[in-house]
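None of the figures in this text is laboratory data; all of them are computed from the coordinates on show. Since the structure is predicted, the reported quantities are computational estimates derived from the model, not experimental observations. As a convention, Cβ positions derive from the backbone with ideal geometry for all residues, glycine included, and neighbour counts pool all protein chains shown.
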Amino acid sequence: METLFAGKRPLRVAVFLSDDGTLVRQLMQGAGKSYEIAVIFSDTPASAARELAGMFKLPVVINDIEDFCIKRGAKRTDMRVREQFDAFTATALAGYNPDIIMMAGYASLVSAPLLERYLVVNLHLADLSLRDASGNPLFPGLHPVADVIASGLSTVAASTHIAVPEMDQGPVLMISNQVLVEADVGQTEARLKQEAGRLVKNTVEWIAEGRFAREGETVFCDARPTKWGLPS
């Protein structure tokens, strides 16, 4: 059993985002004794990365993934080019010495150059503890809130999990409080993102405090195995 972080110093976090930064603001506001933000990275120039970096006086690295792919005559879904992009990102991050990558509102899959070098944690806006008969998540992918609403469920939650090459797979760490589903996807997402922001902060804090460990696909919290994550 290997502790996800056992350092006797603050955990250094690289924050990955592609959006308006709503999901990471609580994380940044809570930085201090147990963890610190080492750098913000974005694959989208129009994201809030620069704004947040200025607000919190943090370094920022931006590399436009769309432009990166266009220059190589490739589609964004081409994972061979994605590995080149992630290799660039890994090199760019090296000088900031992060211990983990926290992806929240990051719209790209990450590949071997990052997954093999760092512990990568992802936020997903659905409850990854909900599984089908084969053990696969019921609501993976890019539009989980809309999928939950379409399913007829009355509540939705967010999850944090250890990222692996497959989308929204990997051991689940924590689950947020449930949010009541409304007919409007945007309103439901907005309410869920408030809980998800707290979830991101709590997950990073618990990793920083050495509370999470892993053995194979099993996650342990406070030395006890968890199956599909813990409530935040």
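Residues of the range 173-207 that are out of contact with any Asp or Glu (no Cβ under 8 Å at 6 or more places or on another chain), surrounded by 15 or more Cβ atoms within 10 Å (Cβ to Cβ), aliphatic (A, V, I, L, M) and over 21 Å from residue 11 (Cα atoms): 181, 185, 192.
Annotation: of all residues in the range 28-54 being in a helix (DSSP H, G or I) and surrounded by fewer than 24 Cβ atoms within 10 Å (Cβ to Cβ), the one that is nearest to the chain's Cα centre (by Cα) is 28. Each residue in the range 159-180 was checked for being assigned to a strand (DSSP E or B) and either of a type in the set (D, E, K, R) or touching a residue at least 40 places away in the same chain (Cβ under 8 Å) (or both), and 8 pass.
In the set 210, 135, which member is on the phi > 0 side of the Ramachandran plot, touching a Leu at 6+ places or on another chain (Cβ under 9 Å) and surrounded by fewer than 18 Cβ atoms within 10 Å (Cβ to Cβ)?
Numbers: 135 fails: touching a Leu at 6+ places or on another chain (Cβ under 9 Å).
Testing whether each residue is on the phi > 0 side of the Ramachandran plot, touching a Leu at 6+ places or on another chain (Cβ under 9 Å) and surrounded by fewer than 18 Cβ atoms within 10 Å (Cβ to Cβ) leaves just 210.
May I ask you to list the residues in the range 97-124 that are out of contact with any Phe, Trp or Tyr (no Cβ under 9 Å at 6 or more places or on another chain) and within 25 Å of residue 179 (Cβ to Cβ)? Scanning the range 97-124 gives 107, 121.
Report those helices (runs of 4 or more DSSP H) wholly inside the range 64-158 carrying at least 3 residues which are farther than 23 Å from residue 204 by Cβ and more than 21 Å from the chain's Cα centre (by Cα).
Working: elements: 65-71, 79-94, 112-115, 144-151.
It comes to 65-71, 144-151.
Filtered by the rule that a residue be under 22 Å from residue 111 (Cβ atoms) and either assigned to a loop (DSSP other than H, G, I, E, B) or among the β-branched types (Val, Ile, Thr) (or both), the range 1-20 gives 4, 13, 15, 18, 19. The C-beta contact set for the range 191-211 (first residue small (Gly, Ala, Ser), second residue in a helix (DSSP H, G or I), distance under 6 angstrom, 6+ apart or interchain) comprises 196/23; 197/23; 197/26. Residue 87 meets each of the listed conditions (1) in contact with a strand residue (DSSP E or B) (Cβ under 7 Å, 6 or more places away or on another chain); (2) more than 28 Å from residue 191 (Cβ to Cβ) apart from (1).
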